[in-house]
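Data first, discussion second: the structure below is written as structure tokens.
The values are calculated or read from the model by the stated rules, or taken from the named source; none is laboratory data. As the structure is a prediction and not an experimental result, all values here were calculated from the model. Don't worry about glycine lacking a Cβ; one is built from the backbone with ideal geometry, like all the others, and counts go over all protein chains shown. Side chains are part of the model used for accessible areas, which takes the heavy atoms of the whole protein and leaves out ligands, DNA and RNA. Shrake-Rupley method; radii C 1.70, N 1.55, O 1.52, S 1.80 Å.
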Amino acid sequence: MSKVMVFEGKRLIPLFILLVLLVTVSVYDSLFSTAEPVSIPGDNVHYVSVEQGKLYPQKQLVIIDNTESWVAFLQNNSISHPDYSFDPNNQVAVITMNFQIQNILTSNDDLGRKVLNVICSEKNAYYKIYILPKDQHVDSKDANWVFYDEKGNRLDQIKIRVNP
């Protein structure tokens, strides 16, 4: 003899509700990550944002530490001169295209060289100019600039130019 299994619909309702809740939580977790931002050791570097706007289709980071490069970059990219007097003797300009700096930390590598860890978040069709004091921590000539995203992934695909 064959056995027949009969399921009552009202007994499956709680299982269906649990399945819907599981799918909802999974979708929410993938869309809105609650992961903590990356923790990179080092001392914070003070910086000032002086200009921003919509521009630039490619991802790029530019480090400028002289007046000629500053003026040439602004002219070549049709950016109006910011209402900020850039002093290349005491400051370094960092220009991000399609990125926004979240934090800058300074540390030393195993050989004692300076390392500037810059944590960025992606922001499309956007540029921003940051001014950093050129002191014992920040100098583009003897420091290694390393750019990371918010999750701690190194941004290898980004073009970094020093004094274009």
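A few points about this structure:
- Of all residues making up segment 48-71, the number that are modelled with pLDDT of 80 or more and buried (at least 18 other Cβ atoms within 10 Å of the Cβ): 7
- Of all the residues in segment 78-87, those that are without any contact (Cβ under 8 Å) to a residue 40 or more places away in the chain and open to solvent by less than 40 Å² (accessible area, probe 1.4 Å) number 0.
- Test: residue in segment 143-151 that is among the small types (Gly, Ala, Ser) and modelled with pLDDT of 75 or more: no
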